[in-house]
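Worksheet: one structure, shown below.
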Amino acid sequence: MSAPASAPIPIGILGGSGYVAGEALRLLATHPGFAVRAVVSTSRAGEPVAAAFPHLAAAYPELRFGPAEALAELFAAAPRAALLSAAPHGASAGAVAAALAAAAAAGCELAVADLSADFRFADPAAWSAVYGRPHPAPELLPTFARGVPEHLPASAHSRFAHPGCFATALLLALVPLVGAGRIAPEIAATAIDGSTGSGRQPSAATHHPERRSTVVAYAPLAHRHEPEVVAFVREATGVEIDLALVPQSGPQARGIYATLHARLARPASAAAVAAELAAAYAASPFVTVATAPPRLVDVAGSNRAALGVAVRGDRLALFAAIDNLAKGAAGGGLQWLNRRFGFPENAGLAVPGPGWF
């Protein structure tokens with residue numbers, strides 16, 4: 001499904017008025033190969049996109065949110081198209097299923113990157129165990145590739161389930177070392193996320209003024225990303241890890257900073273472990289590795305992931321810093337679609353972070 005440079009691929013977005021969709025629109029505004037043709041929002045259909053995202057007004061002065069039917073019009077007018085789903089967990093699967101059916105009826109070849117949790121488990125029972133209800137579209141689960149782009153080779157897949165933001169940070173740090181047998185499978189992790197990770201609708205616990213000057217743990221040892229990470233690592237390496245994850249709400253608006261603790265399976269220096277990680281990501285345009293802890297501000301607003309390593313005896317500390325809206329969501333999904341359509345993996349994603357935020 002490679003695309004000639006002269007033919008922009010039309011792309012639609014589900015869940016169009018949320019923060020992740022806004023980030024996708026920001027990244028797509030300068031993409032050389034995709035053209036945004038539909039932004040679906042059931043709550044804001046008919047409103048200008050700039051009303052929800054004033055910072056994008058110059059990029060999308062005429063674009064308006066539309067109903068789901070706008071996708072059918074897109075598919076009818078194009079032989080191939082792309083779809084990013086930023087719809088909520090539980091709602092995305094049904095919306096994606098409907099979009100796939102509409103594309104098939106129109107004879108449109110559709111590639112999908114789902115940014116919700118709905119296709120992250122291969123087993124519908126595993127999904128139901130985490131989310132407490134039957135999976136909305138279990139027949140579609142076998143058709144999705146799951147993982148971060150750095151861990152899966154290019155394939156003939158056209159449907160991709162991108163891990164969540166916490167999961168992306170942890171997986172980038174863990175998968176190469178677990179797969180190489182470098183670390184024991186018992187791992188503890190603390191990950192601090194920004195307020196945008198809680199979505200656009202504030203609650204008493206997530207409203208930014210309530211969290212801007214404090215750090216507080218939530219869902220310790222019970223967060224839904226914990227079994228997701230275990231499943232992703234198993235699928236990528238064949239190893240069953242024992243993960244203890246403690247998420248924390250941080251004072252920043254965006255970004256995730258994860259610290260992981262593990263035991264080395266055999267002696268190694270920090271430089272040697274960092275060299276193994278760097279070799280694993282040698283072909284990645286986004287992942288950097290150092291023997292010093294990364295800084296969150298250096299990756300916020302970008303699709304970069306910065307990993308760090310520290311060693312004392314057989315104790316290993318790993319650090320991972322990513323932007324939750326970009327690398328942990330919209331940027332990761334766009335990576336998948338770039339690969340699927342034959343664009344450079346960093347197309348639309350090479351923009352640097354702001355440096356201060």
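The values are calculated or read from the model by the stated rules, or taken from the named source; none is laboratory data. A quick note: this is a predicted structure, and the numbers were derived from the prediction, not measured. Every residue, glycine among them, receives a Cβ derived from its backbone with ideal geometry; neighbour counts consider all protein chains shown. Surface accessibility is based on the protein's heavy atoms, side chains included, excluding ligands, DNA and RNA. Shrake-Rupley method; radii C 1.70, N 1.55, O 1.52, S 1.80 Å.
If you check Val39, Val96 for being closer than 26 Å to Leu141 by Cβ and under 23 Å from the mean Cα position of the chain (by Cα), only one passes: Val96. A search for C-beta distances below 7 Å between a residue of region 304-316 that is open to solvent by 60 Å² or more (accessible area, probe 1.4 Å) and any residue that is basic (Lys, Arg), counting only pairs 6+ apart in sequence or on different chains, returns Arg304/Lys327; Asp314/Arg263; Arg315/Arg263.
Could you list, in sequence order, the residues of region 238-269 that are more than 22 Å from Arg315 (Cα to Cα) and of a type in the set (S, T, N, Q)? Explain how you work it out, then say what you get.
Taking region 238-269 as the starting set, the residues that turn out to be more than 22 Å from Arg315 (Cα to Cα) are 238, 248-256.
Within region 238-269, Gln248, Ser249, Gln252 meet the criteria.
Exactly one residue among Ala189, Ala167, Ala173, Ala154 is open to solvent by 40 Å² or more (accessible area, probe 1.4 Å) and either under 26 Å from Ala347 (Cβ atoms) or not in a loop (DSSP other than H, G, I, E, B) (or both), and that residue is Ala154. Within region 250-279, the set of residues being open to solvent by less than 10 Å² (accessible area, probe 1.4 Å) and assigned to a strand (DSSP E or B) comprises Ile256, Ala258, Leu260. Among all positions in region 96-118, there is at least one residue which is closer than 26 Å to Ile241 by Cβ, surrounded by fewer than 24 Cβ atoms within 10 Å (Cβ to Cβ) and of a type outside the set (Lys, Arg). Among the conditions (1) within 17 Å of Asp114 (Cβ to Cβ); (2) within 20 Å of the chain's Cα centre (by Cα); (3) open to solvent by less than 20 Å² (accessible area, probe 1.4 Å), the only one that Tyr19 does not satisfy is (3). Residues that are of a type in the set (Phe, Trp, Tyr) and touching a Pro at 6+ places or on another chain (Cβ under 9 Å) within region 36-74 comprise Tyr60, Phe65, listed in sequence order. In region 318-333, the residue that is farthest from Phe119 (Cα to Cα) out of those that are outside any helix (DSSP H, G or I) and touching a helix residue (DSSP H, G or I) at 6+ places or on another chain (Cβ under 6 Å) is Leu318.
Within region 63-87, restricting attention to residues that are surrounded by fewer than 16 Cβ atoms within 10 Å (Cβ to Cβ) and not small (Gly, Ala, Ser), which residue is nearest to Pro8 (Cα to Cα)? So the residue we want is Pro79. When you look at Val229, is it outside any loop (DSSP other than H, G, I, E, B) and either touching a residue at least 60 places away in the same chain (Cβ under 8 Å) or open to solvent by 70 Å² or more (accessible area, probe 1.4 Å) (or both), yes or no? So Val229 passes the test.
Considering only residues that are open to solvent by less than 20 Å² (accessible area, probe 1.4 Å) and among the hydrophobic types (A, V, I, L, M, F, W, C), look in region 37-62 and name the one that is farthest from Ser195 (Cα to Cα).
Initial filter on region 37-62 (open to solvent by less than 20 Å² (accessible area, probe 1.4 Å)): 38-41, 49, 52-53, 56.
Next cut, among the hydrophobic types (A, V, I, L, M, F, W, C) only: 38-40, 49, 52-53, 56.
On the way: Ala38: 27, Val39: 24, Val40: 24, Val49: 22, Ala52: 18, Phe53: 17, Leu56: 20 Å.
The extreme case among them is Ala38.
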